[in-house]
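A short write-up of the structure that comes next.
A short reminder: the numbers here are calculations on the coordinates, not readings from a lab. Bear in mind that the values here come from a model prediction, so they are computed numbers and not experimental data. Counting neighbours? That spans all protein chains shown, and the Cβs are built from the backbone with ideal geometry, glycine included.
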Amino acid sequence: DAGVIQSPRHEVTEMGQEVTLRCKPISGHDYLFWYRQTMMRGLELLIYFNNNVPIDDSGMPEDRFSAKMPNASFSTLKIQPSEPRDSAVYFCASSPRVPNTEAFFGQGTRLTVV
Amino acid sequence: GEDVEQSLFLSVREGDSSVINCTYTDSSSTYLYWYKQEPGAGLQLLTYIFSNMDMKQDQRLTVLLNKKDKHLSLRIADTQTGDSAIYFCAEFLSRTNKLIFGTGTLLAVQP
């Protein structure tokens, strides 16, 4: 398996535009997590899915953020409209059934909103 | 609470031992982890410890867990320049199935 694959690696967009980040988890992993990393706030859990179902989205900052997992091999995180304060590195991670022993992280998407 | 705290920065000389500390607040943690993040990369799991253990050793890495004080440490023996990175501790909360990360410690290894 190639690991968790995220795309794009880098995204630069103008304020107000819609941004879609994509993630392909490791095959067979039941859990998928979206994290955001910034200098000020560190690594924050935004949302996680179990078997494609959103379980906890309490970390999603506001209604401009939405996440979907239409099937076991694909998830998206969408920001609409984007704002400069959304600039961060967004990580997707997947893990096997709980009890969890390891979360495998993607390389991240560096988002810059200008 | 779900806070995980770490010191922000640690500087050591090559060949010395490094000790990175972490404190957590949630007693329902079942697994505790140490992740490493190199510049421009994602997080990579280094090691983990189950909450009913006090110590785990894995080559140059030693993890100590004091469950009473909710304190976790990572010792890296014979630290090398390639160990320079940000180190995150994380706790897995079984009651919520969440993996909560600390603030990260930047380890700088001086040659």
Open item on the list: Which aspartates and glutamates, if any, have their Cα less than 13 Å from the Cα of A:Lys24, not counting same-chain residues under 8 positions apart?
Closed with: A:Asp1
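Tell me, what is the FRET efficiency for A:Glu102 and B:Asp3 to the nearest 0.05, using R0 = 30 angstrom and their Cβ-Cβ distance as r?
Numbers: r = 23 Å, r/R0 = 0.75.
So the FRET efficiency works out to roughly 0.85.
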Task: Exercise: per-residue mean of other protein chain Cβ atoms within 10 Å, B:29-42 - done: 3
Open item on the list: Along the Cα→Cβ direction, 7 angstrom out, place labels at B:Leu45 and A:Ser66. What is the inter-label distance in nm?
Closed with: 3.3
- [ ] Give the dimensionless ratio obtained when the Cα radius of gyration of chain B is divided by 2.2 N^0.38 Å.
- [x] 1.02
Task: Of A:Val53, A:Val12, A:Val89, the one that fluctuates the most in a GNM where chain A has Cα springs shorter than 10 Å - done: A:Val12
Task: Euclidean distance of C-alpha centroids, the range A:60-114 and the range B:52-111, integer Å - done: 24
Task: For a label point 7 Å along the Cα-to-beta-carbon line of B:Thr96, residues of the range B:1-20 with backbone N under 20 Å - done: B:1-6
Open item on the list: Could you work out the pair-distance distribution P(r) of the protein assembly as shown from its alpha-carbon pairs, with 10 angstrom bin width and percents rounded to whole numbers?
Closed with: 8, 33, 35, 19, 5, 0
Open item on the list: Can you tell me which aspartates and glutamates have their Cα less than 20 Å from the Cα of B:Lys36? Leave out same-chain residues fewer than eight positions away.
Closed with: A:Glu44, A:Glu102, B:Asp3, B:Glu5, B:Glu14, B:Asp16, B:Asp58, B:Asp78, B:Asp83, B:Glu91
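Across peptide B:94-101, what mean number of C-beta atoms from other chains lies inside 10 Å of a residue's C-beta?
Working: counts 3, 0, 5, 10, 8, 11, 3, 7.
The shielding value for this peptide is 6.
What is the magnitude of the charge dipole of chain B about its Cα centre, with +1 placed on the Cβ of each Lys and Arg, -1 on the Cβ of each Asp and Glu, and no other charges, expressed in debye to the nearest 20? Let's see the in-between values first.
Values: 10 positive and 13 negative charges, 47 e Å.
Magnitude of the dipole: close to 220 debye.
Which trypsin sites (Lys or Arg not before Pro) in the range B:29-93 sit in a loop by DSSP (not H, G, I, E or B) and have at most 10 other Cβ atoms within 10 Å of their own Cβ? If you can, show how the numbers build up before the last one.
Numbers: sites: B:Lys36, B:Lys56, B:Arg60, B:Lys67, B:Lys68, B:Lys70, B:Arg75; in loops: B:Arg60, B:Lys67, B:Lys68, B:Lys70.
The qualifying sites are B:Lys68.
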